[in-house]
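The values are calculated or read from the model by the stated rules, or taken from the named source; none is laboratory data. As the structure is a prediction and not an experimental result, all values here were calculated from the model. Don't worry about glycine lacking a Cβ; one is built from the backbone with ideal geometry, like all the others, and counts go over all protein chains shown.
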Amino acid sequence: MIQRIQSIYLFLAAIVSGGLMFLFPLFVQDGNIRNLSSEPVFMAIAIGATLLSLFAIFQFKKRQLQVVLSRLAVILNFVVFGLMIYHYFQLKKLGETEMGMAVFFPLAAVILLVLASKAILKDEMKIRAADRFR
């Protein structure tokens, strides 16, 4: 169900972790712009997190699976963020390097995924409460 708030959060997380990261630079090293497409490891993990978020949207009848998928996407986003920070410090040793805006997009995706998980769990609590009244 696309109209639920958790579906919107999951969709926005997919856009942030997959779409926007390709548009903005990760690093600027000595005037050279390094995008997500120039870093295959980051790209693979970001695409994995994006696919998990998109797949979770269509699992609206299986709320527990949605929570698991969103938490896996959170873990993947933390992994890609950690790898980006590590890579930044490795590049910093080699020369003048600046972080691009795309480095912080996994953190925005994590926030959206946590909000989605909370909304999914809130729906689950409502459904359990309604089952008790029957």
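Could you look through the stretch 38-64, keep only residues that are aliphatic (A, V, I, L, M) and more than 17 Å from residue 11 (Cβ to Cβ), and pick out the one that is farthest from the chain's Cα centre (by Cα)? Only one residue fits best here, namely 41.
State whether one or more residues within the stretch 102-117 are of a type in the set (Ser, Thr, Tyr) and modelled with pLDDT under 90. Break it down into steps so the answer makes sense when it comes.
So the first thing to find is which residues in the stretch 102-117 are of a type in the set (Ser, Thr, Tyr), and the list is 117.
After this cut, where a residue has to be modelled with pLDDT under 90 as well, the list is none.
No, because not a single residue in the stretch 102-117 is of a type in the set (Ser, Thr, Tyr) and modelled with pLDDT under 90.
Based on what the data block shows, is residue 125 surrounded by fewer than 21 Cβ atoms within 10 Å (Cβ to Cβ) and either aliphatic (A, V, I, L, M) or not in a helix (DSSP H, G or I) (or both)? Yes; evaluated as a whole, the condition is true for this residue. Annotation: of all residues in the stretch 95-134 being touching a residue at least 24 places away in the same chain (Cβ under 8 Å) and of a type in the set (Asp, Glu), the one that is nearest to residue 23 (Cα to Cα) is 98. Scanning the stretch 53-94 for residues that are touching a residue at least 12 places away in the same chain (Cβ under 8 Å), under 30 Å from residue 29 (Cβ atoms) and of a type in the set (A, V, I, L, M, F, W, C) gives 73, 74, 76, 78, 79, 80, 81, 83, 84, 85, 91, 94.
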